[in-house]
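The values are calculated or read from the model by the stated rules, or taken from the named source; none is laboratory data. Treat the numbers as computed from the prediction; the structure is a model and nothing was measured. Counting neighbours? That spans all protein chains shown, and the Cβs are built from the backbone with ideal geometry, glycine included.
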Amino acid sequence: MNKFWSPAFQDLHPYTAGEQLAVPGLIKLNTNENPYAPSPAALAAIRAAANADLRLYPDPEGLILRQALARRHGLNVDQIFVGNGSDEVLALAFLALLRQPRPILFPDITYSFYPVYCQLYGIAYTNPPLDAEFRIHAEDYRRANGGIVLAHPNAPTGRALELPELRQLLEHNTDSAVIVDEAYVDFGADSVVAWIREFPQLLVIQTLSKSRALAGLRVGFAFGDSHLIEALRVAKDCFNSYPLDRLALAGAAAAIEDEDYFERMRRQVMESRARLTAGLEGLGFAVIPSEANFVFATHPRQDAAKLQAELRRRHVLVRHFARPRINHYLRISVGTDAQCDTLLQQLGEILGRSDLSR
Ligand SMILES: *Cc1c(COP(=O)(O)O)cnc(C)c1O
């Protein structure tokens, strides 16, 4: 940084994305990407959209994608917002809904982008701690607040919210927005998208990056009462009128329509997750029950940071967070069965050594 930087940027701590190493044969289980290819129909639609029309701006309202989402969820297009990845949708939602006089609330252990947005926008926040099993309790959120943000399932734990707790929270919290980040919801948890009809304060955010295997296309969306969606549109139009390009809109709409492929891929990931969990438990790990496409695992005798470094040396990437309460855990994305087998085999060899214990 130097004197030309805006003063507020002098001590900003941005989000650290998982590393994207380009090593042949690398087993990449560190950023929760899908190990399978996207829908062939989505790829065909992207190819077909690569034509002379690219000289024209895309539809600023992203209507073909919002219509596909409206059909799938039985909603109106005015209840749907689309953006350049759900990280962007979250950034716009924090800007448009959560800059309030009171502090916002989110758990102490959750997606580490949330505090980054708070710092960027100067939003004060309080972090009710998850319990020892990484569960949230509705009563911890029963206090005056400027908004609530919850990931369902949570990251990096993989644990889904208990829906009766969430419903109770929404019934008591009617004066501020409640954002539910469903980036991983398609891997076994029940979505609360249908609840937006009942709760005008509820905004549900989803992405194509995980369950639709389209992290590289950058498409995310939000579902909510039309008044919330309108706030997001205002925020977008103060920032970038065209967050989704023509290729992304065409590919995303086709991906949403390919329900058969989606069902097959997500079932495969869920089956592999059960297999990976059993394999890790066989090696002595304790694994948090996961409804996501990753597992959060800890070994009673091994140092997680050292395990992560040793796996990396063997070209297997997993994620470790050097943060209080979770520094003994590894977050491991569910790969193909073959990738998970290699991970388990390498872990087995590493655990056979004694110099990594804690
Ligand atoms: C991956 C992830 C996102 C962001 O996904 P995009 O690729 O930006 O759509 C949002 N929230 C959580 C909890 C995530 O893990």
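Which is under 21 Å from the mean Cα position of the chain (by Cα), farther than 26 Å from Arg167 by Cβ and modelled with pLDDT of 95 or more, of Pro128, Pro107, Pro115? Explain how you work it out, then say what you get.
Values: Pro128 fails: farther than 26 Å from Arg167 by Cβ; Pro107 fails: farther than 26 Å from Arg167 by Cβ.
Testing whether each residue is under 21 Å from the mean Cα position of the chain (by Cα), farther than 26 Å from Arg167 by Cβ and modelled with pLDDT of 95 or more leaves just Pro115.
Would you confirm whether any residue within region 164-176 is at pLDDT 95 or above and within 15 Å of the ligand (Cβ to nearest atom)?
no
Just give me the residues in region 1-20 being modelled with pLDDT under 80, aliphatic (A, V, I, L, M) and in the same structural domain as Glu33 (by TED's automatic domain parsing), in sequence order.
If the condition is that a residue be modelled with pLDDT under 80, aliphatic (A, V, I, L, M) and in the same structural domain as Glu33 (by TED's automatic domain parsing), then Ala17 is the only one that fits.
Within region 121-139, count every residue that is buried (at least 16 other Cβ atoms within 10 Å of the Cβ) and part of a helix (DSSP H, G or I).
Result for region 121-139: 1.
For every residue, the table says whether it meets (1) of a type outside the set (Phe, Trp, Tyr); (2) within 22 Å of Ser241 (Cβ to Cβ); (3) in a helix (DSSP H, G or I); (4) in contact (Cβ under 8 Å) with a residue 12 or more places away in the chain.
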residue	(1), (2), (3), (4)
Val23	yes, no, no, yes
Asn32	yes, no, no, yes
Ala44	yes, no, yes, yes
Pro60	yes, yes, no, yes
Leu75	yes, no, no, yes
Asp78	yes, yes, yes, yes
Phe81	no, yes, no, yes
Leu92	yes, yes, yes, yes
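Ser191: closer than 19 Å to Ala252 by Cβ, in the same structural domain as Gly85 (by TED's automatic domain parsing), touching a residue at least 12 places away in the same chain (Cβ under 8 Å) and within 13 Å of the chain's Cα centre (by Cα), yes or no?
On the way: closer than 19 Å to Ala252 by Cβ: yes; in the same structural domain as Gly85 (by TED's automatic domain parsing): yes; touching a residue at least 12 places away in the same chain (Cβ under 8 Å): yes; within 13 Å of the chain's Cα centre (by Cα): no.
It is false that Ser191 is closer than 19 Å to Ala252 by Cβ, in the same structural domain as Gly85 (by TED's automatic domain parsing), touching a residue at least 12 places away in the same chain (Cβ under 8 Å) and within 13 Å of the chain's Cα centre (by Cα).
With loosely packed, with under 10 Cβ neighbours inside 10 Å, under 26 Å from the mean Cα position of the chain (by Cα) and not acidic (Asp, Glu) as the only criterion, which of Ala17, Ala22 stands out? Let's see the steps before the verdict.
Numbers: Ala17 fails: loosely packed, with under 10 Cβ neighbours inside 10 Å.
Within the list Ala17, Ala22, the selection yields Ala22.
Tell me the residue from Val193, Val204 that is more than 15 Å from the ligand (Cβ to nearest atom), aliphatic (A, V, I, L, M), surrounded by 22 or more Cβ atoms within 10 Å (Cβ to Cβ) and modelled with pLDDT of 95 or more, please.
Numbers: Val204 fails: more than 15 Å from the ligand (Cβ to nearest atom).
That would be Val193, the only listed residue that is more than 15 Å from the ligand (Cβ to nearest atom), aliphatic (A, V, I, L, M), surrounded by 22 or more Cβ atoms within 10 Å (Cβ to Cβ) and modelled with pLDDT of 95 or more.
Give the residue, chosen from Val89, Val23, that is β-branched (Val, Ile, Thr) and under 27 Å from Cys238 (Cβ atoms). Let's see the steps before the verdict.
Numbers: Val23 fails: under 27 Å from Cys238 (Cβ atoms).
When all the criteria are applied, what remains is Val89.
It is to be established whether one or more residues within region 346-354 are surrounded by 19 or more Cβ atoms within 10 Å (Cβ to Cβ) and of a type outside the set (Val, Ile, Thr).
Within region 346-354, one or more residues are surrounded by 19 or more Cβ atoms within 10 Å (Cβ to Cβ) and of a type outside the set (Val, Ile, Thr).
How about region 199-305: which strands (runs of 3 or more DSSP E) wholly inside it have at least 2 residues that are aromatic (Phe, Trp, Tyr) and out of contact with any Pro (no Cβ under 6 Å at 6 or more places or on another chain)?
Values: elements: 202-207, 220-224, 294-298.
Output list reads 220-224.
Residue by residue, here is whether (1) more than 16 Å from the ligand (Cβ to nearest atom); (2) closer than 20 Å to Val193 by Cβ holds:
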{"residue": "Arg71", "(1), (2)": "yes, yes"}
{"residue": "Leu92", "(1), (2)": "no, yes"}
{"residue": "Ser112", "(1), (2)": "no, no"}
{"residue": "Thr126", "(1), (2)": "yes, no"}
{"residue": "Asp131", "(1), (2)": "yes, no"}
{"residue": "Ile148", "(1), (2)": "no, yes"}
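Among the candidates Asn145, Asn154, Asn173, single out the residue that is touching a helix residue (DSSP H, G or I) at 6+ places or on another chain (Cβ under 7 Å) and among the polar types (S, T, N, Q).
On the way: Asn145 fails: touching a helix residue (DSSP H, G or I) at 6+ places or on another chain (Cβ under 7 Å); Asn154 fails: touching a helix residue (DSSP H, G or I) at 6+ places or on another chain (Cβ under 7 Å).
Of Asn145, Asn154, Asn173, the one residue that is touching a helix residue (DSSP H, G or I) at 6+ places or on another chain (Cβ under 7 Å) and among the polar types (S, T, N, Q) is Asn173.
So that you can scan it fast, the table gives a plain yes or no per residue for (1) among the small types (Gly, Ala, Ser); (2) outside the structural domain of Arg66 (by TED's automatic domain parsing); (3) over 30 Å from Arg47 (Cβ atoms):
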residue: Val269; (1), (2), (3): no, yes, no
residue: Ser272; (1), (2), (3): yes, yes, no
residue: Ser290; (1), (2), (3): yes, yes, yes
residue: Ala309; (1), (2), (3): yes, yes, yes
residue: Ala338; (1), (2), (3): yes, yes, no
residue: Thr342; (1), (2), (3): no, yes, yes
residue: Ile350; (1), (2), (3): no, yes, yes
